[in-house]
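All remarks here apply to the structure that follows.
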Amino acid sequence: FFQEEIKQRQIMAVPSVFLNGEIFDQGRMTVEEILVKLDTGATARAAETIDAKDVFDMLIIGGGPAGASAAIYSARKGIRTGIVAQRFGGQVLDTLSIENFISMKETEGPKLVSALEQHVKSYDVDVMNLQRASAIIPGELIEIKLDSGASLKAKSVVIATGARWRELNVPGEQTYRNKGVAYCPHCDGPLFKGKPVAVVGGGNSGVEAAIDLAGMVSHVTVLEFDATLRADEVLQRKLRSLQNLTVITQAQTTEVIGDGVKVNGMRYTDRVSGQSKSLELEGIFVQIGLLPNTDWLKGTVALSSRGEIEIDAKGQTSIPGVFAAGDVTTVPYKQIIIAMGEGSKAALGAFDHLIRSPVSSTNEIKLAA
Ligand code: FAD
């Protein structure tokens with residue numbers, strides 16, 4: 001409707017929100033987020049309220065499927081439970097169609113998040129949304145510091161801060177996210193049935209995605225930045241056996257192209273010749289890795305070489321009383337149903353830890369009557 005304005009303001013992504021002529025924010029926002037941004041005193045007031053809170057028996061950091069599940073399991077034990085989440089719902093909020101959440105043939109991300117929120121809030125859980133944890137301080141009482149300056153104390157903690165897909169960071173990627181640019185082949189692959197697609201990334205996840213997609217799409221082009229694929233040989237052998245698949249190495253993706261509504265191609269630079277080339281396709285699966293949200297934990301909890309939290313079979317981390325679950329951990333196959341199972345397991349592990357801890361004035365659990 002407002003093409004001239006779009007041109008004049010050089011808008012590349014919607015929604016774009018302007019306040020008094022200046023860009024206010026871009027991308028998906030909740031009313032709660034807009035209000036916090038408008039109300040300059042909100043953060044300080046929230047910090048004051050949070051600082052005054054009593055010690056939690058179990059404090060969950062992260063409000064995705066793993067965190068929500070942990071909170072429900074904790075609250076059902078009748079203990080004082082809280083959730084601190086930067087954005088309640090996590091990655092599920094960014095998911096359009098979900099077809100592999102067992103018991104529901106098909107649902108949508110925001111719908112599932114709303115159901116999760118209702119389920120969590122039907123219990124006595126203190127949900128502190130739009131709050132980012134910035135540090136963890138181990139001790140008999142574990143302290144969680146927040147970006148706002150506030151801090152919380154808990155007898156046990158479940159970290160469920162999830163992960164984010166590594167992005168290409170090229171023009172067009174955000175504009176066509178969920179309109180051809182996809183990150184989850186298990187989830188979105190079937191939507192591209194009979195269509196040509198590309199997979200960016202030639203590591204294990206990229207090659208697995210390409211093999212998976214080749215069974216349903218018309219053609220797959222795998223683009224790898226390096227001179228050779230980095231996937232395991234057994235996967236590469238399988239890849240080479242497929243007829244509807246092309247591999248391009250030494251390719252640096254430079255742009256996602258679309259018709260204004262959805263993806264219709266991409267550009268890359270041939271790193272050998274330096275030439276810019278383009279491909280016509282309808283989907284681009286970005287498979288250049290997941291980044292666990294553990295930056296705030298470095299130097300405290302033991303992390304793997306990929307930055308994921310190392311846990312044992314009960315979800316226990318290297319810090320006594322601190323458990324972890326979901327995409328932020330070393331547990332393979334990052335999926336909603338797996339994150340939920342892991343969240344419940346970590347909460348049960350944390351509860352087990354609480355009831356086995358020596359009774360003292362700080363760790364006495366007050367079970368609800
Ligand atoms: P997340 O969902 O990542 O949640 C992490 C939570 O922690 C969020 O609330 C976040 O705001 C919060 N957080 C992060 N850092 C901090 C911090 N420092 N302080 C406080 N809070 C913090 N899986 C499927 O099974 N089916 C699908 O169809 C599917 N489609 C997908 C489509 C897309 C586009 C994406 C991105 C993922 C998809 N997945 C799908 C994967 C699935 O969403 C994840 O496996 C799942 O959400 C992981 O749950 P989680 O709770 O571990 O982490």
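Under a point-charge model restricted to the Cβ atoms of Lys and Arg (+1) and Asp and Glu (-1), what is the dipole moment magnitude of region 211-369 relative to its Cα centre, in debye to the nearest 20? With only Lys, Arg, Asp and Glu charged at Cβ, the dipole is about 160 debye. When region 230-290 is described by a simple charge dipole with +1 on each Lys and Arg Cβ and -1 on each Asp and Glu Cβ, the residue from Val247, Val286, Gly274 located farthest towards its positive end is Val247. As a calculated quantity, the FRET efficiency between Arg356 and Ser278 at R0 = 51 Å, using C-beta atoms, amounts to about 0.25. Looking at the P(r) of region 164-221, how many percent of alpha-carbon pairs lie beyond 14 Å? In whole percent, the long-distance tail amounts to 54.
Kindly provide log₁₀ I(q)/I(0) values, in the same order as q = 0.12, 0.17, 0.18, 0.27 Å⁻¹, from the Debye equation applied to equal alpha-carbon scatterers of region 202-263. Per q value, in the given order, log10 I(q)/I(0) is -0.31, -0.60, -0.66, -1.16. Computed from point charges on the beta carbon alone (+1 for Lys and Arg, -1 for Asp and Glu), the dipole magnitude for the chain about its Cα centre is near 440 Debye. Relative to the 2.2 N^0.38 Å rule of thumb, region 109-214 has a C-alpha radius of gyration ratio of 1.52. Other residues lying with their Cβ under 10 Å from the Cβ of Arg267 contribute a combined charge of 0, Lys and Arg counting +1, Asp and Glu -1.
If the segment from Asp259 to Lys314 were pulled out straight at 0.36 nm per residue, it would be longer than the present Cα-Cα gap by 14.9 nm. Per residue, the average separation of C-alpha pairs within less than 8 Å and at least 6 apart gives the chain a relative contact order of 18 percent. The dipole here belongs to region 74-202: it is taken about the Cα centre, uses +1 on the Cβ of Lys and Arg and -1 on the Cβ of Asp and Glu, and is about 120 debye.
Taking trypsin sites (Lys or Arg not before Pro) across region 114-218, the ones in a DSSP loop with at most 14 further Cβ atoms lying within 10 angstrom of their Cβ are Arg166, Lys193. With neighbour counts taken as other beta-carbon atoms within 10 Å, the residues Glu280, Glu173, Glu108 rank, fewest first, as Glu280, Glu108, Glu173.
Taking other C-beta atoms within 10 Å as the exposure proxy, Phe2, Phe225, Phe323 rank Phe2, Phe225, Phe323 from fewest upward. The simple Förster model, with R0 at 35 Å and r as the Cβ-Cβ distance, assigns Arg271 and Ile23 a FRET efficiency of 0.55. Of the peptides 74-81, 314-321, the order by per-residue mean of other Cβ atoms within 10 Å, starting with the highest, comes out as 74-81, 314-321. Every Cα-Cα pair of the chain was included, and the share exceeding 35 Å stands at 33 percent. Full extension of the chain between Glu32 and Lys195 gives 54.8 nm of extra length, using 0.36 nm per residue less the Cα-Cα distance. Across region 90-238, the mean sequence separation of Cα contacts (distance under 8 Å, 6 or more residues apart), normalised by length, yields a relative contact order of 14 percent.
Label sites at Gln3 and Glu143, each approximated as a point 7 angstrom past Cα along Cα to Cβ, lie 6.0 nm apart. Taking other C-beta atoms within 10 Å as the exposure proxy, Ile284, Ile23, Ile34 rank Ile23, Ile34, Ile284 from fewest upward. When the Cα positions of Ser218, Ser69, Val84 are compared along the charge dipole of the chain, Ser218 comes out farthest toward the positive end, with charges on each C-beta of Lys, Arg, Asp and Glu.
A short reminder: the numbers here are calculations on the coordinates, not readings from a lab. Quantities reported herein were computed from a predicted structural model and do not represent experimental measurements. Methodologically, a virtual Cβ is constructed for each residue, glycine included, from the backbone with ideal geometry; neighbour enumeration extends over all protein chains shown.
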